[in-house]
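What follows is a single structure, written as structure tokens, with notes after it.
All of the numbers you see were taken from the coordinates with simple rules; none came from a lab. Bear in mind that the values here come from a model prediction, so they are computed numbers and not experimental data. Neighbour counts are summed over all protein chains in view; Cβ atoms, including those assigned to glycine, are modelled from backbone coordinates with ideal geometry.
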Amino acid sequence: MQDKIIEPYDNHEEEQVKTTKKGRKKQTSEERKRDIFLKILSVFTAVIIWFTVMGVDSSTSEKKFTSVPVHHENEEIMKRNGLSIIVDRDIAIDVVVAGKRAAVNGLRQSDIYAYIDFANITSPGEHLLSIEIRELDNNLSVTEQSETHTMRYIDTRVTINLQVNADIRQSMTEQGVTLTPLNIKPDIIEVSGPRGVLETLSHAQVNLNLSSYGRIERSLTVTERIILINGDGDELNNPHIRREQMSAEVFISVEAEKEIPIEVNLRHGFYTERNTVITVTPSVLRVRGSPDSLSTLDKITLPIDEKKIENPENTQLSMDIPLTEGRNMSGISTAVIDIEFINMDSRTLSFNTSNLTIIPPNGLEYNIREENLRLKFLGPTSNLNILRQSGITATIDLSKITEKGNRMLPIDITVNSDDFVFCVGEYTVNVEVY
């Protein structure tokens, strides 16, 4: 009898997968342990991740935003009250926002709206205004802003015209020479700004410092800055005032003053110290003008035609004072001339036209149609008594006549026998030319 060989017990085969009646393999104990471990690990990992995410999302954070623009709100309401911002400026502020980290990280600068509200501005003046920030979403809040207030000048903007004056502050001139600002360009400037400020202005002014030009002897043109002068005579500097013209061109006249004697100018030279005393009132005229023009102005003459004064009686004449250079500073425009005759008388003589000295026409004949002339003379009585026709020369000039006909021609009469006697009046004779 053979001994049976008994195989050793194989645990491996015992743990092999056995097929169930439904054909599904059964897990071994090791596989079941490993599967349970992985499930536990997955749950544990998910819990850790959840706590981590919840911890990050719920923590607070801050973020700084720079140069956030500040807007204007309700400015149109203020303008309906006739008010406006006189000088505006764009401003931006820095803002710090705090909140949950996720919300802070998702915030953009454009989500922050800063503004100034002008709805309650009803009066002019400087106003300190709050810089507000519109409420943020996601429970975010502003914890810090670089500026919380800003100053704005509010008023009614108006425009006015101001006269420009010029004032010479420093200069060097000769004695008696003065400088006068004349032509100012522009002489009127346009100024705009707050009504309350402009109402204090008196005029605009150019202050001229001419010391750098040395001794001034001729007229000149300078350009200087225009300043604004208030009612107290002080310069007004206000940043809210606007104007286009900042300087003016000023023509400065250099002038001197001089007393100019007034004299008579005798047309024929008949009056002398022997037969007349002539007085002019005023005897001098105070004249202002450029030094060059006054240097050549030595006297002012008043013309007198002695032939038109036919009677040797004291005579008074009034004449406008002629002035071709400078300006009359005396305030007198009319001169009075008093003529006093010394031992003078008058006499009328008959003069026969046959004794006329005639300068004949060229190629024409002539005929004097009058026989006698009545001539009047002035002079001392003794001289007049011995005056004769032979001592008188009466000349008529026909040399320029080229056409035939009758005409009245003037006669030039001189007394050649006596220096003390002269003919007065104007005389003509009827001449026929053929």
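Coordinate range of the alpha-carbon atoms in segment 60-155 per principal axis, descending: 48, 19, 17 Å.
Between the residues Leu302, Gly326, Gly269, the greatest Cα displacement towards the positive end of the dipole of segment 257-341, with unit charges on the Cβ of Lys, Arg, Asp and Glu, is found for Gly326. Distances between every pair of Cα atoms in segment 198-237, grouped in 5 Å steps from 0 to the bin holding the largest one, split as 6, 20, 24, 14, 12, 12, 9, 2, 0 percent.
Against the chain, whose longest principal axis comes from its Cα atoms, helix 29-58 is set at around 20 degrees. The gain in end-to-end length when the Leu364 to Ile386 segment is fully stretched comes to 4.1 nm, 0.36 nm per residue minus the alpha carbon separation. Count Lys and Arg as plus one, Asp and Glu as minus one, and take only other residues whose Cβ is under 10 Å from that of Val254; the net charge is then -3. Result for the chain in a Gaussian network model with C-alpha springs under 10 Å: among Thr334, Thr402, Thr148, the largest mean-square fluctuation is at Thr402.
The share of alpha-carbon pairs in segment 91-236 lying farther apart than 24 Å comes to 61%. Considering the options Leu228, Met246, Ser202, tell which one lies farthest towards the positive end of the dipole of segment 157-256, charges being +1 on Lys and Arg and -1 on Asp and Glu at the Cβ, about the Cα centre. Looking along the dipole axis, the top candidate is Met246. Under 17 Å Cα to Cα from Lys33, which aspartates and glutamates show up? Leave out anything in the same chain fewer than 8 places away. Lys33 reaches Glu15.
Calculated over segment 257-341, the projected area of the Cα convex hull averaged across directions stands at 5.5 nm². Over segment 157-256, the hull volume per residue, using the convex hull of the C-alpha atoms, is 92 Å³.
Given R0 = 30 Å, the distance between the Cβ atoms of Asp111 and Thr148 translates into a calculated FRET efficiency of 0.90. Among Arg243, Arg80, Arg32, the largest mean-square fluctuation in a Gaussian network model of the chain (Cα springs under 10 Å) belongs to Arg32.
Applying a DSSP loop filter and a limit of 14 other Cβ atoms within 10 Å to the trypsin sites (Lys or Arg not before Pro) in segment 120-203 leaves Arg134.
In terms of its Cα atoms, segment 345-433 spans 45, 18, 18 Å along the principal axes, sorted from long to short. Which residue, Lys299, Lys79, Lys33, tops the fluctuation ranking in a GNM of the chain built on C-alpha contacts under 10 Å? Maximum fluctuation in the GNM of the chain, among the listed residues, is at Lys33. For the chain, the percent of C-alpha pairs falling in each 10 Å distance bin, counted from 0 to the bin holding the largest distance, reads 3, 11, 10, 9, 8, 8, 8, 7, 6, 5, 5, 4, 3, 2, 2, 2, 2, 2, 1, 1, 0, 0, 0.
Over all pairs of different C-alpha atoms, segment 281-434 has a mean inverse distance whose reciprocal, the Kirkwood radius, equals 19.0 Å.
Since only Gln109, Val164, Thr122 are under comparison, the one whose Cα sits farthest along the positive direction of the charge dipole of segment 104-165, derived from C-beta charges on Lys, Arg, Asp and Glu, is Val164. Using a cut-off of 18 Å between Cα atoms, the listed pairs Lys64/Lys100; Lys307/Lys376; Lys376/Lys400; Lys308/Lys400 include Lys376/Lys400; Lys308/Lys400 as exceeding that distance.
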